[in-house]
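The values are calculated or read from the model by the stated rules, or taken from the named source; none is laboratory data. Since we're looking at a predicted model, the values are computed, not measured. Positions of Cβ are backbone-derived with ideal geometry, glycine not excepted, and every protein chain shown enters the neighbour counts. Surface accessibility is based on the protein's heavy atoms, side chains included, excluding ligands, DNA and RNA. Shrake-Rupley method; radii C 1.70, N 1.55, O 1.52, S 1.80 Å.
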Amino acid sequence: MTPKIDLHCHFEGTATPSLIRRLARRNDINLPDGLFNDHGGFAWTNFIEFLNVYDLASTCIRTRLDYRDVMYDYLKSCAAEGAVYVEIFSSPDHAAATGMSYTDHVEGMAQGIDDAERDFGIIARIIVTCVRHLGPKCALDVANAMVSDPHVYVVGFGMGGDENQFEVADFLPAFERVSNSGLPTTIHAGEVNGPHSVASALDILPVSRIGHGVRAAEDLKLLERIAKTGQTLEICTGSNLALGLYDLDSHPINTILQAGCRVALGSDDPPYFGTSIGAEYDRAQNHFGLGSHGIARINQHALAAAFCDEATRQKLRSRFAF
Ligand code: HPA
Ligand code: ZN
C-alpha cells in the first residue's frame, strides 16, 4: 500500500456519527437536535450549516477519555489505509465549550496518539487552531494558552472557521505570538474566499502553509508567487467537492501542480464530506491522473512541510522509497 500523509484534518471533524452517538450515551447526554439527517449522516447542506453541525457534534466530546478515543479511532482508520503520519487540528475553543481545559484536551489527544502508535505504528502530531469567526481576542487567547503550556506533540498553530469574518490582519497578534515562540503556522484561506484571501495571508502572516488555498488557482500570478516562495498548499479535494467549490472535472489541483506549487493532501472532515485520506490519495492518483510519480512528489512535499521535529521527519522518511 502507498504510504500516505494527512496534513489537514480537524480533530472534531474526524468523529463519525456512530462514535458521536457512543460518546453521547457514555456521557449520558441527549444528542443535540438537528445533528443527523434521515440517513444517519451529519445534517448540513452548505458551509455555514456544516460549521454549525460541526459545533453541535463537538459538544458530545467532553472528557479526556473522549479526546483519547476520537484520536485513536481516527488514527486507526488512517493506519488501515496506509497512512504513516497525520497532523490533526485541535480546537481549544470547542474543548472549552464543554468545560475541558487546554491541558486536559491536549493530554487526552496525546494518549490517543501514543496508543495508536503502539498498536498501528502510525505517528501523529497536533496543530492547535483558533476559530476565525470567534474573533481575534479568542485567537490570541488560544495562542497564549499554547505557548505558555507547551506539549511535545503540539507542533504548530492554525486557524479554521468562517473565512468571511474579520480581516487577516486582525489575527496578526495571535500568529506572531506563536511564531515568535518558534512554532510554524498555517491558515485556512482560498477555500470559501477567493485568491485575495491567500495573497493577504502571505502578505501579512508568518505562515509556511495554507489550508486549502485551492482558489489561488484563479490567479496565475499568485500561483507563480507561491511556487517561488515555497509555501505548501494543504489540498482536500473531497472536502472541496462536497462543499460544491468544484466538480470532479473542474478541480484545479493539476493547474496548481503544473504551476510548480508544493501540494500536500488532507481529509479535512471525513465523515462530513464522505472522504478519507485513502480516498484523497486514490482520487489524486487515479482521477486527477497524478500516477505514482505524482503521488511520490506529493509525499515529498508533505514530508518536507510537516511541522514535526527533524528526528520524527527522518524516521518517517525511512517509510518512503525516495
Ligand atoms: N473549513 C474551515 N473551517 C473548518 C473546516 C473547514 O473545512 N472544518 C472545521 N473547521
Ligand atoms: Zn480544514
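Residues in region 179-186: is at least one in a helix (DSSP H, G or I) and aliphatic (A, V, I, L, M)? No, every residue in region 179-186 fails to be in a helix (DSSP H, G or I) and aliphatic (A, V, I, L, M).
How about region 253-270: which of its residues are on the phi < 0 side of the Ramachandran plot and either surrounded by 21 or more Cβ atoms within 10 Å (Cβ to Cβ) or assigned to a strand (DSSP E or B) (or both)? Residues satisfying the conditions are I253, I256, L257, C261, R262, V263, A264, L265, G266, S267, D269, P270. The single condition from (1) in contact (Cβ under 8 Å) with a residue 40 or more places away in the chain; (2) assigned to a strand (DSSP E or B) that G278 fails is (2).
If you check Y102, Y67, Y74, Y85 for being farther than 27 Å from L134 by Cα and touching a helix residue (DSSP H, G or I) at 6+ places or on another chain (Cβ under 8 Å), only one passes: Y85.
Only one entry in V142, V155, V128, V192 is touching a residue at least 24 places away in the same chain (Cβ under 8 Å), assigned to a helix (DSSP H, G or I) and surrounded by 15 or more Cβ atoms within 10 Å (Cβ to Cβ), namely V142.
Evaluation of T2 against the conditions (1) outside any loop (DSSP other than H, G, I, E, B); (2) in contact (Cβ under 8 Å) with a residue 40 or more places away in the chain; (3) closer than 21 Å to F120 by Cβ shows that the sole unmet condition is (1). Across region 81-100, the qualifying residues are those that are within 16 Å of P270 (Cα to Cα) and among the hydrophobic types (A, V, I, L, M, F, W, C), and the one among them that is farthest from the chain's Cα centre (by Cα) is A83.
Residues that are more than 15 Å from ligand 2 (Cβ to nearest atom) and out of contact with any Asp or Glu (no Cβ under 8 Å at 6 or more places or on another chain) within region 6-25 comprise P17, S18, I20, R21, R22, A24, R25, listed in sequence order.
For region 54-77, a residue qualifies if it is in contact (Cβ under 8 Å) with a residue 60 or more places away in the chain and more than 16 Å from ligand 2 (Cβ to nearest atom), and the qualifying residues are M71, S77. Checking region 217-233 against the condition returns no match, with no residue being within 16 Å of ligand 2 (Cβ to nearest atom), assigned to a helix (DSSP H, G or I) and open to solvent by 40 Å² or more (accessible area, probe 1.4 Å).
Out of all the residues in region 5-34, which are loosely packed, with under 15 Cβ neighbours inside 10 Å and part of a loop (DSSP other than H, G, I, E, B)?
Answer for region 5-34, where residues must be loosely packed, with under 15 Cβ neighbours inside 10 Å and part of a loop (DSSP other than H, G, I, E, B): D28, I29, N30, D33, G34.
The condition (being farther than 22 Å from A216 by Cα, away from ligand 2 (no atom under 16 Å from the Cβ) and open to solvent by 60 Å² or more (accessible area, probe 1.4 Å)) is satisfied by just one residue among D282, D249: D282.
For region 35-92, what are the residues that are among the polar types (S, T, N, Q) and either open to solvent by 20 Å² or more (accessible area, probe 1.4 Å) or part of a loop (DSSP other than H, G, I, E, B) (or both)?
Answer for region 35-92, where residues must be among the polar types (S, T, N, Q) and either open to solvent by 20 Å² or more (accessible area, probe 1.4 Å) or part of a loop (DSSP other than H, G, I, E, B) (or both): N37, T45, N46, N52, T59, T63, S77, S91.
Here Y272 meets each of (1) more than 16 Å from ligand 1 (Cβ to nearest atom); (2) aromatic (F, W, Y); (3) in contact with a strand residue (DSSP E or B) (Cβ under 7 Å, 6 or more places away or on another chain) with one exception, condition (1).
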